[in-house]
Amino acid sequence: MNKYFEQNEYAGYDFIDLHHRLTRAYSVVASNLFFQEAKDDLKSQEHRLKLARSAFYLIAVCEAIIDLVGEDEREKALAEVKDELRPGDVDELFKHLLDILLK
């Protein structure tokens with residue numbers, strides 16, 4: 001899988017450990033998303049880097065979790081997600097992302 005990471009330090013962890021790491025990773029991303037939304041300060045390079053860095057931590061953990069699932073199930077899950085996530089209004093996509101993160 002590792003679309004973004006040639007070597008993913010989270011690969012090989014069990015689900016429980018990945019769950020704890022996922023919780024830590026998505027809470028940072030959600031916090032930064034709320035901060036950016038509240039401050040509307042994406043003009044600052046520091047804030048853009050913080051937001052991107054947080055998202056990449058989340059991606060790394062999610063990729064490690066996806067790698068634990070069989071290929072057939074991954075493909076089916078990906079197809080279902082692609083069917084649900086279609087390009088749309090930026091505000092609508094942001095709201096959908098927050099809904100997913102906060103479930």
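Nothing in this text is a laboratory measurement; each read-out follows from the coordinates by a stated rule. Worth saying up front: this structure is predicted, and the values here are computed from it rather than measured. FYI the Cβ positions are ideal-geometry reconstructions off the backbone, even for glycines, and counts take in every protein chain you see.
Among the residues of region 57-103, the ones that are surrounded by 14 or more Cβ atoms within 10 Å (Cβ to Cβ) and aromatic (Phe, Trp, Tyr) come to 1 in all.
Mind checking which residues of region 4-25 are aliphatic (A, V, I, L, M) and over 15 Å from Tyr57 (Cβ atoms)?
Listed by number, the list holds a single entry, Ile16.
Contact map, region 53-71: first residue under 16 Å from Asn32 (Cβ atoms) and touching a residue at least 24 places away in the same chain (Cβ under 8 Å), second residue basic (Lys, Arg) and in a helix (DSSP H, G or I), Cβ cut-off under 9 Å, separation 6 or more or different chains; pairs are Tyr57/Arg21; Tyr57/Arg24; Ala60/Arg21; Val61/Arg21; Val61/Arg24.
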